[in-house]
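Right, one structure below, let's go through it.
Coordinate-derived values only; no laboratory data. Note that this is a predicted model, so its numbers are computed, not measured. Cβ atoms come from the backbone with ideal geometry, glycine included; neighbour counts cover every protein chain shown.
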Amino acid sequence: MIKGLKVTMVLWSAIGGLTALGYIFVPQQMLTGLEKGPAYLPYFLMLIGNAWIGCSVFVIIAARDPLKHIMWVQAAIAWSFLDLITAAYGIIREIVPFSQAGLVLIINLVFIVAFLVLYPWRKAFVEKTI
């Protein structure tokens, strides 16, 4: 289970990191479908990319020993959950079409399920109580 969690953490970070590089280096292309937004929107996308890079780096480091760094596992779960809620809200409110945010919603749902299935529930609890 721990090996699967490690792989999931690295994969989650790699996808996030690659997306972040797109946000940072080609923000205009990443905004396809949102051209009506304000001129400073690419700058916000670049800031989001910076946050993703920072988080991804630390989650990859934490993946070496997920039990020792269980808070980073929890942070990745929380981040995925918040991304999922944001994508769903944007789609429901028609702020963004499903074609734009649907993949984000689906990918985050898959990672949430994977993290929760692979989460070391018993070991994490035992480690904290000792």
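Observations on the structure shown:
- Only helices enter the 222 nm calculation for the chain: every DSSP H run of n ≥ 4 contributes -39,500 (n - 2.57), and dividing by all residues gives -26500 deg cm²/dmol, rounded to 500.
- Each of I95 and F25 was given a label point 7 Å from its Cα along the Cα-to-Cβ line. The distance between the two points is 2.9 nm.
- Given +1 at the Cβ of Lys and Arg, -1 at the Cβ of Asp and Glu and no other charges, the dipole of segment 2-129 around its Cα centre is 500 debye to the nearest 20.
- Sequence ranges 92-100, 22-30, 6-14, ranked by mean other-Cβ count within 10 angstrom, highest first: 6-14, 22-30, 92-100
- The chain: relative contact order as a whole-number percent, Cα under 8 Å and 6+ apart: 30
- Signed unit charges on C-beta, dipole axis of the chain, positive-most listed residue G22, I106, L118: L118
- With the convex hull of its Cα atoms as the shape, segment 2-129 has an orientation-averaged projected area of 8.1 nm².
- Residue by residue, segment 40-45 carries 3J(HN,Hα) couplings of 8, 4, x, 5, 4, 5 Hz when phi is fed to the Karplus relation 6.51 cos²θ - 1.76 cosθ + 1.60 (θ = phi - 60°); x denotes Gly or Pro.
- Computing FRET efficiency as 1/(1 + (r/R0)^6) for V110 and I2, where r is the C-beta to C-beta distance and R0 is 25 Å, gives about 0.80.
- Taking the C-alpha atoms only, the angle from helix 70-92 to the longest principal axis of the chain is near 30 degrees.
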